[in-house]
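Chemist: Next up is a structure, given as structure tokens.
The values are calculated or read from the model by the stated rules, or taken from the named source; none is laboratory data. Just so we're clear, the structure is a prediction, and the values are computed from it rather than from any experiment. Note: ideal-geometry Cβ built from the backbone for every residue, glycine included; neighbour counts use all protein chains shown. Note: areas computed on protein heavy atoms with side chains; ligands, DNA, RNA excluded. Shrake-Rupley method; radii C 1.70, N 1.55, O 1.52, S 1.80 Å.
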Amino acid sequence: MSTQRLRNEDYHDYSSTDASPEESPSEGLNNFSSSGSYQRFGESNSTTWFQTLIHLLKSNIGTGLLGLPLAVKNAGLLMGPLSLLVMGIVAVHCMGILVKCAHHFCHRLNKSFVDYGDTVMYGLESSPSSWLRNHAHWGRHTVDFFLIVTQLGFCCVYFVFLAENFKQVIEAANATTSNCHNNETVILTPTMDSRLYMLTFLPFLVLLVFIRNLRVLSVFSLLANVSMLVSLVMIYQFIVQRIPNPSRLPLVASWKTYPLFFGTAIFAFEGIGMVLPLENKMKDPRKFPLILYVGMAIITALYISLGSLGYLQFGANIQGSITLNLPNCWLYQSVKLLYSIGIFFTYALQFYVPAEIIVPFFVSRVPEHCELVVDLSVRTALVCLTCILAILIPRLDLVISLVGSVSSSALALIIPPLLEITTYYSEGISPLTIAKDALISILGFVGFVVGTYEALYELTQPSSAPIFINSTSAFL
């Protein structure tokens with residue numbers, strides 16, 4: 001696509017906080033359909049290739065990364081890394097399909113930019129089926145629905161993550177030492193239930209999401225990025241030391257646990273919603289495909305290495321987040337707190353996307369003098385909803401797997417291949433491409449069904465051990 005194409009300033013970019021609109025979500029979406037002002041690429045607020053690469057990396061690194069060692073356990077020491085590699089290749093391919101189809105409709109309709117929902121809607125309008133053409137607007141609604149479910153699912157995961165890590169740090173505070181290597185038994189001091197920790201975080205997260213300006217949130221985003229980067233370096237520094245003999249670890253795990261691997265892995269790889277906004281903001285969009293492939297190669301290597309090394313280090317004792325397996329010394333307790341601080345501030349950024357879609361729906365139906373009250377009330381209700389869901393499902397591994405299976409699989413694997421078929425079918429598309437797209441969508445749908453079923457089934461089973469314990473090889 002030409003570097004001289006225009007950029008719609010009214011489009012709300014969810015990918016980063018560096019060039020976001022000053023107005024609140026309710027103000028911005030009221031004008032979403034207006035003609036707005038336009039500006040050519042290459043201006044000062046466009047991103048360089050390096051900035052785009054950084055945004056791509058940080059949009060794919062979160063709690064899903066920390067759950068990958070358990071995902072490798074659910075797949076097997078050999079099957080896990082191989083499956084992560086295949087899933088990474090397929091996910092990148094689907095991202096490329098989305099970008100290609102978006103470019104196609106930009107040229108065809110003479111538009112400066114189309115987002116994920118627009119692309120699916122225009123794809124259905126190009127379908128040879130009259131029924132799909134007449135119901136094309138449901139394509140946008142479907143994408144918005146799964147986007148809301150995914151982002152609010154992330155927020156539920158954050159509640160559980162914060163509760164687990166803070167509970168563990170506080171319970172082990174009296175026994176925390178400065179020695180990170182000697183094996184010793186630690187008796188945890190029982191405190192309140194993890195669900196009460198979630199309720200403790202609730203008012204603080206409500207106040208955080210009251211910040212409606214992403215330029216203000218960008219400060220918190222920087223703090224989150226720095227704290228999470230330092231934590232990851234310390235986690236790698238620990239798991240590469242004195243790796244136990246892996247001979248007792250199964251190369252291929254039971255097929256019954258593989259659906260849980262699928263849900264966790266696709267949860268980690270679900271960054272497709274950020275692709276088009278990132279490409280749209282570049283000074284030279286022609287470089288984006290290369291950046292996409294390089295960035296996702298780095299991310300896939302990071303996922304495989306952390307998942308494999310974490311499983312090798314902790315074996316069968318690996319928990320829903322690898323931070324829960326770190327030793328009970330002040331250095332690694334600080335790692336848990338640092339990563340938790342990053343996740344806390346990231347909550348507001350993940351929450352911004354569903355708020356942009358949901359809040360204006362209610363604000364537009366009340367008098368002007370009530371808009372602020374309704375805006376804040378809806379935000380409070382949504383945060384409370386994520387807290388309630390987290391309380392109902394207080395197991396980090398199952399929350400991640402369930403969110404990944406239900407919504408991330410649809411956005412990342414099921415929809416893009418079908419979009420390619422509907423977009424190019426009337427213009428001529430090879431049978432091999434149709435077969436490839438159908439295979440990817442079918443596999444994504446099977447993962448969606450089986451992964452959701454298995455996660456729900458596991459939730460109904462009583463846990464044989466306390467949910468939140470430190471089970472490193474050095475501590476009981």
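Chemist: Within the stretch 382-397, take every residue that is open to solvent by 60 Å² or more (accessible area, probe 1.4 Å) and modelled with pLDDT of 90 or more and give me the one that is nearest to residue 63 (Cα to Cα).
Modeler: 389
Chemist: Of all helices (runs of 4 or more DSSP H) completely enclosed by the stretch 107-172, which ones contain at least 2 residues that are among the hydroxyl-bearing types (Ser, Thr, Tyr)?
Modeler: In the stretch 107-172, the matching helices (runs of 4 or more DSSP H) lie at 116-125, 137-171.
Chemist: Of the numbered conditions (1) farther than 25 Å from residue 395 by Cα; (2) hydrophobic (A, V, I, L, M, F, W, C); (3) without any contact (Cβ under 8 Å) to a residue 12 or more places away in the chain, residue 143 fails exactly one; give the number of that condition.
Modeler: Result: residue 143 fails condition (3) only.
Chemist: Does residue 319 qualify as being surrounded by 22 or more Cβ atoms within 10 Å (Cβ to Cβ) and in a loop (DSSP other than H, G, I, E, B)?
Modeler: So residue 319 fits the description; yes.
Chemist: For residue 202, state whether it is touching a residue at least 40 places away in the same chain (Cβ under 8 Å) and assigned to a helix (DSSP H, G or I).
Modeler: When the stated conditions are applied, residue 202 passes them.
Chemist: Under the condition of being open to solvent by less than 10 Å² (accessible area, probe 1.4 Å) and either closer than 17 Å to residue 322 by Cβ or of a type in the set (A, V, I, L, M) (or both), which residue from the stretch 269-290 is nearest to the chain's Cα centre (by Cα)?
Modeler: 272
Chemist: Just one of 76, 80, 88 is open to solvent by less than 10 Å² (accessible area, probe 1.4 Å), within 18 Å of the chain's Cα centre (by Cα) and within 25 Å of residue 454 (Cα to Cα); which is it?
Modeler: Just a single option satisfies the conditions, and that option is 88.
Chemist: Okay, moving on. With the checklist (1) open to solvent by 10 Å² or more (accessible area, probe 1.4 Å); (2) more than 24 Å from residue 143 (Cβ to Cβ) in hand, flag the one item residue 262 doesn't pass.
Modeler: Residue 262 satisfies all of (1) open to solvent by 10 Å² or more (accessible area, probe 1.4 Å); (2) more than 24 Å from residue 143 (Cβ to Cβ) except (2).
Chemist: Checking residue 295 against (1) of a type in the set (Gly, Ala, Ser); (2) at pLDDT 85 or above; (3) open to solvent by 10 Å² or more (accessible area, probe 1.4 Å), which single condition isn't satisfied?
Modeler: (3) is the only condition that residue 295 fails.
Chemist: Next up: Of everything in the stretch 404-445, what is open to solvent by less than 20 Å² (accessible area, probe 1.4 Å), touching a Cys at 6+ places or on another chain (Cβ under 8 Å) and of a type in the set (A, V, I, L, M, F, W, C)? Give them in sequence order.
Modeler: 412, 413, 419
Chemist: What is the number of the single condition among (1) closer than 30 Å to residue 88 by Cβ; (2) free of Cβ contacts under 8 Å to residues at least 40 places away in the same chain; (3) of a type outside the set (A, V, I, L, M) that residue 370 does not meet?
Modeler: Just one mismatch for residue 370, condition (1).
Chemist: Do we have residue 387 as more than 18 Å from residue 65 (Cβ to Cβ) and touching a Phe, Trp or Tyr at 6+ places or on another chain (Cβ under 9 Å) here?
Modeler: yes
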